[in-house]
Amino acid sequence: MKKLLCLCLSIMLLTYPSIAANQVDEDLRLYARAALLMDGDSGRVLWEDNGYEVRSMASTTKIMTCLIAIETSDLDEVVTISKRASRAPDVQLNVKEGEQYILKDLLYALMLESANDVAIAIAEHVYGSVEEFCNRMTERARLIGAYKTSYKTPNGLDAEGHYSTAYDLALITREALKNDQLVEIINTRSHSFNEINNKRHVSLNNRNNFL
């Protein structure tokens, strides 16, 4: 069966109305500011609603953050947390300046718990700065035809010039799902690890209810 990707582009996630037992299927409505359904194998667009409209992309940003880190780094590398990363707003893993973690463990925190501080730490580690990492994210998006996507943060927090479309996000997710390591991470129900100097133990649980 062909994979279908349904992506919602808005600050709010997809939500569904309450359906009474006597309501017919025609009453089902998708409450999203923008959405697009794509065949994951062929890339064919099956349905869309404002699917090409530029909007903020929130934490869907982290799909590209994870992909870039996997494609460009050894996942056993040690990441040292900076002051900037430690001060990122919620959602947080609550990492502290000077703590050290294995990159692969941070990718689990990024994708399972959507940790904003971890996204900053990953970006700084991989390309030296958030700004350069975001430039590389944008370049990577353009390579797969996501021409209406621009990254200014690695975690999806709103920033001027940070935007995408539901169509571009479908392309990006389709590309990401070709990466076996990324797929392994997002299909993991739980993951535990230690800060490498044993300053803390972390337990993660996947927030994806589809699992």
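The helices (runs of 4 or more DSSP H) found wholly in the range 49-122 and carrying at least 1 residues that are of a type in the set (S, T, N, Q) and farther than 26 Å from ASN198 by Cβ occupy 61-72.
Per the conditions (1) under 15 Å from the mean Cα position of the chain (by Cα); (2) free of Cβ contacts under 8 Å to residues at least 40 places away in the same chain, the sole criterion not satisfied by ARG140 is (2). Yes or no: ILE196 closer than 20 Å to VAL78 by Cβ, open to solvent by less than 40 Å² (accessible area, probe 1.4 Å) and either assigned to a loop (DSSP other than H, G, I, E, B) or out of contact with any Leu (no Cβ under 8 Å at 6 or more places or on another chain) (or both)? Here the answer is no, as ILE196 does not meet what is asked. State whether the residues of the range 25-38 include one that is more than 17 Å from the chain's Cα centre (by Cα), within 24 Å of ILE186 (Cα to Cα) and open to solvent by 20 Å² or more (accessible area, probe 1.4 Å). Taking every residue of the range 25-38 in turn, at least one turns out to be more than 17 Å from the chain's Cα centre (by Cα), within 24 Å of ILE186 (Cα to Cα) and open to solvent by 20 Å² or more (accessible area, probe 1.4 Å).
The values are calculated or read from the model by the stated rules, or taken from the named source; none is laboratory data. Because the structure is a prediction, the values reported are computed rather than measured. A quick note on method: Cβ atoms are made from the backbone with ideal geometry, for glycine too, and the neighbour counts reach across all protein chains shown. Note: areas computed on protein heavy atoms with side chains; ligands, DNA, RNA excluded. Shrake-Rupley method; radii C 1.70, N 1.55, O 1.52, S 1.80 Å.
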